[in-house]
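Down below is the structure, laid out as structure tokens.
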Amino acid sequence: MKIAVLGAGNMGAALVKGWLRQGMPAEQLVMTCRNPAQHPAIGVSLLTSNPDAVREAEVVIVAVKPWQVVDVLAEIRPTLAAGTLVISVAAGVTVAQLREQVPSSVAVVRAMPNTAVALNEGVIAIVADEQDAVERARKVLAPLGLVVPTDESKMDALTALAGCGIAHALRFLRAAQCAGVQMGLTAAQSAEVFAQVMAGAVALMRQPGASAEAEIDRICTPGGLTVRGLNELEQAGFSAAVVRGFLGSLPEDKR
Ligand SMILES: NC(=O)c1ccc[n+]([C@@H]2O[C@H](COP(=O)([O-])OP(=O)(O)OC[C@H]3O[C@@H](n4cnc5c(N)ncnc54)[C@H](OP(=O)(O)O)[C@@H]3O)[C@@H](O)[C@H]2O)c1
């Protein structure tokens with residue numbers, strides 16, 4: 001299967017790194033951009049012609065900025081073979097908008113990945129106007145992380161929680177790192193330790209039937225220091241701030 005990734009920026013490169021990391025041969029992947037000198041080499045061909053890139057591709061990933069999507073699709077439209085699967089990762093660009101730009105013989109999918117796809121630990125929400133396209137996209141994207149088929153009405157929420165969520169989670173890690181430094185640990189040690197703490201929390205939550213509150217209760221000794229710290233967090237508005245943060249990552253008219 002040949003995949004053309006149009007746009008070699010943060011997301012385009014993250015997707016390609018994820019496929020390479022899972023053992024996809026580099027010859028099956030091609031990326032495009034306008035200014036190759038500005039892009040670090042990541043081991044796959046980097047072209048400046050979108051039509052040349054899509055000519056032999058069965059799957060085309062559109063990873064340019066949202067406002068560039070229409071022009072890029074217009075550019076490749078004459079070259080797209082019937083049966084090609086076009087997956088756009090552009091935030092806010094709907095399946096209906098994509099559908100308007102490509103022939104009906106081409107399958108379209110709107111996807112919302114996060115940058116952890118580079119390490120095969122991403123979340124990728126997908127929407128399509130036909131089940132066959134969902135299944136094809138699931139197969140293509142599964143090596144990159146958790147694929148979540150959904151509908152357009154849930155896309156903004158999944159974009160905030162998963163697309164933006166990586167940054168929200170890393171802000172928590174960064175704050176914990178600052179606390180570690182204030183308590184006398186080095187920045188590097190604090191980051192390493194707290195990243196493993198987050199990994200441990202994730203592993204606990206992945207147990208069958210796990211609940212965050214039940215795991216928290218197992219750690220909190222009555223009258224102990226853990227609950228004291230958690231109550232300090234809540235007095236400072238932690239849970240409310242987290243919710244507000246995610247709502248803030250919704251488009252303005254959806255908050
Ligand atoms: N970053 C994220 O975490 C994230 C998460 C989910 C979805 N997305 C979506 O991913 C898309 C890309 O975002 P990004 O963060 O990767 O942006 P970015 O880093 O700015 O990358 C955009 C890329 O598009 C290239 N490009 C621009 N015009 C082009 C054209 N006509 N033909 C081919 N390539 C072209 C740019 O390179 P040149 O300037 O050299 O052309 C650049 O490599 C956006 O639609 C965004 O909504 C991003």
The chain - convex hull of the alpha-carbon atoms, volume per residue in Å³
155 Å³
Loop-resident trypsin sites (Lys or Arg not before Pro) in the range 162-210 with no more than 15 other Cβ atoms inside 10 Å, DSSP not H/G/I/E/B, are Arg206
With Cα atoms, 0 to 90° folded angle of helix 165-182 axis to the chain main axis
40 degrees
Chain lengthening between Arg21 and Val70 when straightened (0.36 nm per residue, less Cα-Cα)
14.6 nm
Rg (one decimal) and Dmax (whole number) from the Cα set of the range 165-254, in Å, equal 14.9, 44
Cα-based Rg (one decimal) and Dmax (whole number) for the range 1-130, in Å?
13.4, 39
Helix 131-141: angle to the longest alpha-carbon principal axis of the chain, degrees 0 to 90, nearest 10?
70 degrees
Can you bin the range 154-206 into rounded, prolate or oblate? Criterion: square roots of the alpha carbon gyration tensor eigenvalues sorted a ≥ b ≥ c, rounded for a/c under 1.5, prolate for a/b above b/c, oblate for the rest.
oblate
Roughly how tilted is helix 225-235, in degrees to the nearest 10 and between 0 and 90, from the longest Cα axis of the chain?
60 degrees
Nonlocal amide H pairs with Val5, under 5 Å, H built at 1.01 Å:
Val30, Met31, Thr32, Ile61
For the chain: relative contact order, % (alpha-carbon pairs under 8 angstrom, 6 or more apart)
13 percent
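Every number in this text was worked out from the coordinates using simple rules, so none of it is lab data. Keep in mind it's a predicted model, so treat the numbers as computed, not measured. No Cβ is skipped: glycine too gets one built from the backbone with ideal geometry, and neighbour counts run over all protein chains shown.
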